[in-house]
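The values are calculated or read from the model by the stated rules, or taken from the named source; none is laboratory data. Remember, predicted model here, so these are calculated numbers, not experimental data. Because the Cβ atoms are built from the backbone with ideal geometry, glycine has one as well, and the counts that use them run over all protein chains shown. The protein model used for the area step is the full one, side chains on, heavy atoms only, and it has no ligands, DNA or RNA in it. Shrake-Rupley method; radii C 1.70, N 1.55, O 1.52, S 1.80 Å.
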Amino acid sequence: MNVMEAAQARYSARSFHPAAVPRENVERILEAARWAPSWANTQPWEFYVATGAVWERIKEEWLALYDQGVEIHPDLPVPGSWPEELNRRAAETGTLLYGSLGLDRQDAEGRRRFRRLGLEAFGAPLAVFLVQHAGLTAWSILDLGIALGQMMLAATAEGLATCPEATLAYYPDVLRRHLNTPADRQIICGLAVG
């Protein structure tokens, strides 16, 4: 599979098979990210992989927080608003996505169940978390985005599906505890893989 074929085949999966991803596949995906360009070759990224029992505990804690109504508190703030044309695009996509699931905009309980599925990474057997030093700027977040893109293309070439999710960084304190990420790091997002 060449790069263009991988780019055209890649999609954001919303349902994963629970089978474990072999370690060698994960290593090749991370290796692809390692080759991503970065400003002044700083390679500001750190990747943390969660799978198995640790991954299950993380998801259980996230769901408990969500069900208790604990407000999300990601390290990277969620935008408060978008320009109108982007709002329109997001609304159109949301209508298509929720419609394909048989959910109406007024179906609050159905939408809540779908958000819970996002916190479970849609059943993915593992997730990769993209992390950077807290003092870095958007320049480094751009570099992480390039690395994330290369990971997704590599996963596609490996026959795996992915879904990049900001949702997987909504409760970063849980990740810090289970993945031993230093306190001076920002957890930017997660990538569901399966």
* To do: Evaluate the relative contact order of the chain (contact order divided by residue number), counting alpha-carbon pairs under 8 angstrom at least 6 apart; express in whole percent.
  => 42 percent
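Would you please report the Å³ per residue occupied by the convex hull of the alpha carbon atoms in the chain?
Cα-based convex hull of the chain, divided per residue, equals 140 Å³.
If packing is taken as the average count of other Cβ atoms within 10 Å, what order do 70-78, 149-157, 117-125 fall into, highest mean first?
149-157, 117-125, 70-78
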* Structure fact -> Most fluctuating of LEU148, LEU96, LEU126 in the GNM of the chain (C-alpha, under 10 Å) is LEU96
* Asked: Taking H as built 1.01 Å from N, whose amide H comes closer than 5 Å to the amide H of ILE188, not counting residues under 5 places away?
  -> LEU130, VAL131, GLN132
* Would you mind pulling out the separation of the Cα centroids of the range 70-135 and the range 15-52, in Å? => 22 Å
* Mind ordering 60-69, 45-54 by average Cβ neighbours within 10 Å, highest first? -> 45-54, 60-69
* Solvent exposure of the range 13-76 as accessible area per residue, Å², 1.4 Å probe -> 62 Å²
* Rank-order 184-190, 86-92 by packing density, defined as the average count of other C-beta atoms within 10 Å over each peptide's residues, highest first. => 184-190, 86-92
* **Rg/Rg_ref, the range 1-92, where Rg_ref = 2.2 N^0.38 Å and atoms are Cα** => 1.46
* Structure fact -> Filtering the chain for DSSP H helices with an axial alpha carbon extent of at least 20 Å and a Kyte-Doolittle mean of at least -0.5 returns 52-67, 138-157
